[in-house]
Amino acid sequence: MTDRIHFIGVGGSGMSAVARLTAATGVEVSGTDAKESAYFLALKGAGMDVRIGHDAALVEGAAAVVISTAVRETNVELARARELGIPVVHRSEALANALAGQRLVGVAGSHGKTTTSALTAHVLHACGIDASYAVGARVLGIEGAVAGGYAGSSGVGVVEADESDGSFLRYHPEVAIILNIEPDHLDHHGTVEALHQAFEDFAREASLLVACVDDPVVRGIAERLRSEGRDVVGYGESPDADVRVTADGLVRGADTYAIAPALPGAHQRLNAAAAWAAAVHLGVDPVEAADAVATFGGTGRRFELRGEAGGVRVIDDYAHHPTEVAAMLEGARASGAGHLVVLFQPALFTRTQLHAAAFGQALSVADADVVLTEVHGDREDPIPGVSSQLIADGATMPEGSTLTLVPSLVDAAAEAARLAKPGDLVLTVGSGPVTQAAGWILDALRKGEGRGPDA
């Protein structure tokens, strides 16, 4: 037995960050994945022993095996670990161990976690605090980061706290941020009430709750904790927010701070307020924290410019919930985009079943051609009768806009490229393999396979 810890699915966005932080503690790390990803290649480039393909022999001699909820019991490495009695831990437990003893900021919410976690880490770094972080995407602009993980020296850490499987309850943050709460991941939580309780339990783990009081469910949690004498900072556009968000900045008491998020959309001002409040609690000067927001470079797959060809810009975005999709498209408009070509791939059958009509409405935007492809099931088995057709049925496209259902992702990307003309903005949207389509579309546009200027 060695001190080696083996990660199954090491190339995932969240798992790669945990592997990086675990390695930074001096523990030997190995890992496997079914296919290469940008995160996998980043770990390999950093000298870590990561391999493509699962092999039961690779877990032999490991002190522990780390998995996520996406790893099935039929995985040959997991089955071998069970057979040998090797401890199997969830990635959240491994992350908690890697960051033990640090002052943690845990960022939770139905959407916005990745951007807000990354923004909080950026503000801390920009203001001289070398914070560790584990974020489910590349954080742009911080030197020394590997995939979504960075091991800092300050004793402060930022984690994206995932509610999907309840694993965020393993963290004991000094600051808990709750951005919003909407029905999702009921395959794990069972009921909306249980989901709400999980968020409240997460909040109770912290010394300070930073809560968006524009969200009625989050406001309720904040009010209950405040009534018990616990420390709460409520932020939002609401007049009674402790940190009030305006079009120009933040207002706290008699003080006003100019704040200019680098990413478009009203939701980004709310994310900035949460990051600002957490950073100020950790000792950052409030003016410096506000100034740092404007220099945020963003993250991978969050309104990420993937390239331009034939006069068409291609943006890739991870939005995978109706509220996220609507906010992202609103942000695209706010950025000055004209005609939109949107390729959307829904993720998870349970989410599609629950939110099909809302997805349809989120995609029903003016001056747009929407290409809808089939559901990416990820860790789920198909549900009879649940397909992207349900989303198409829920759409009410304005005059001049279109929605086309193309089951194959490859064919859908070709259709999106065909629809694009100079001056358009193409968006590839969703949490699954649709991200690959951004490259395919750019390749097609470079070959002149778009509509052309006179189409």
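A few points about this structure:
- Whenever a residue of the stretch 307-321 is touching a residue at least 40 places away in the same chain (Cβ under 8 Å) and closer than 24 Å to ASP184 by Cβ, its partners that are part of a loop (DSSP other than H, G, I, E, B) and of a type in the set (Gly, Ala, Ser), lying with C-beta atoms within less than 6 angstrom and at least six residues away or across chains, give the pairs TYR318/SER431; HIS320/GLY430; HIS320/SER431.
- Looking only at residues of the stretch 102-127 that are free of Cβ contacts under 8 Å to residues at least 60 places away in the same chain and out of contact with any Gly (no Cβ under 6 Å at 6 or more places or on another chain), we find that the one that is nearest to GLY14 (Cα to Cα) is SER117.
- Residues satisfying the stated conditions in the stretch 348-404, i.e. of a type in the set (A, V, I, L, M) and surrounded by fewer than 17 Cβ atoms within 10 Å (Cβ to Cβ): ALA357, ALA366, ILE383
- LEU78 part of a helix (DSSP H, G or I), in contact (Cβ under 8 Å) with a residue 40 or more places away in the chain, over 20 Å from GLU205 (Cβ atoms) and outside the structural domain of VAL146 (by TED's automatic domain parsing): yes
- Pairs meeting the criteria (first residue in the stretch 161-183 and over 14 Å from LEU195 (Cα atoms) and touching a residue at least 60 places away in the same chain (Cβ under 8 Å), second residue in a loop (DSSP other than H, G, I, E, B) and of a type in the set (A, V, I, L, M), beta carbons under 7 Å, at least 6 apart or on different chains) are TYR171/ALA161; PRO173/ALA206; GLU174/ALA206; VAL175/ALA206; ALA176/ALA206.
- Considering residues of the stretch 155-174 that are in contact with a Leu (Cβ under 8 Å, 6 or more places away or on another chain) and assigned to a loop (DSSP other than H, G, I, E, B) only, the residue nearest to GLN268 (Cα to Cα): GLU163
- Residues in the stretch 47-62 that are farther than 17 Å from ARG20 by Cα and either out of contact with any His (no Cβ under 7 Å at 6 or more places or on another chain) or part of a strand (DSSP E or B) (or both): ILE52, GLY53, HIS54, ASP55, ALA56, ALA57, GLU60, GLY61.
- ALA254 under 29 Å from TYR39 (Cα atoms) and of a type in the set (Gly, Ala, Ser): no
- Only one of VAL76, VAL71, VAL50 that is farther than 26 Å from ALA161 by Cβ and of a type in the set (Val, Ile, Thr): VAL76
- Across the stretch 346-362, not a single residue is classified as in contact with a helix residue (DSSP H, G or I) (Cβ under 6 Å, 6 or more places away or on another chain), modelled with pLDDT under 95 and small (Gly, Ala, Ser).
- Residue list for the stretch 110-148, restricted to those being in a strand (DSSP E or B) and surrounded by fewer than 24 Cβ atoms within 10 Å (Cβ to Cβ): VAL146
- Across the stretch 341-399, the number of residues qualifying as more than 22 Å from ASP424 (Cα to Cα), assigned to a loop (DSSP other than H, G, I, E, B) and without any contact (Cβ under 8 Å) to a residue 24 or more places away in the chain comes to 2.
- None of VAL105, VAL59 is modelled with pLDDT of 95 or more and more than 17 Å from the chain's Cα centre (by Cα) except VAL59.
- Of all residues in the stretch 125-180, those satisfying the criterion of being within 21 Å of HIS320 (Cα to Cα) and of a type in the set (S, T, N, Q) are SER164, SER167, ASN180.
- Within the stretch 175-212, tally of residues that are assigned to a loop (DSSP other than H, G, I, E, B) and either under 21 Å from the mean Cα position of the chain (by Cα) or basic (Lys, Arg) (or both): 7
The values are calculated or read from the model by the stated rules, or taken from the named source; none is laboratory data. This one's a predicted model, so the numbers in the text were calculated from it and none came from an experiment. No Cβ is skipped: glycine too gets one built from the backbone with ideal geometry, and neighbour counts run over all protein chains shown.
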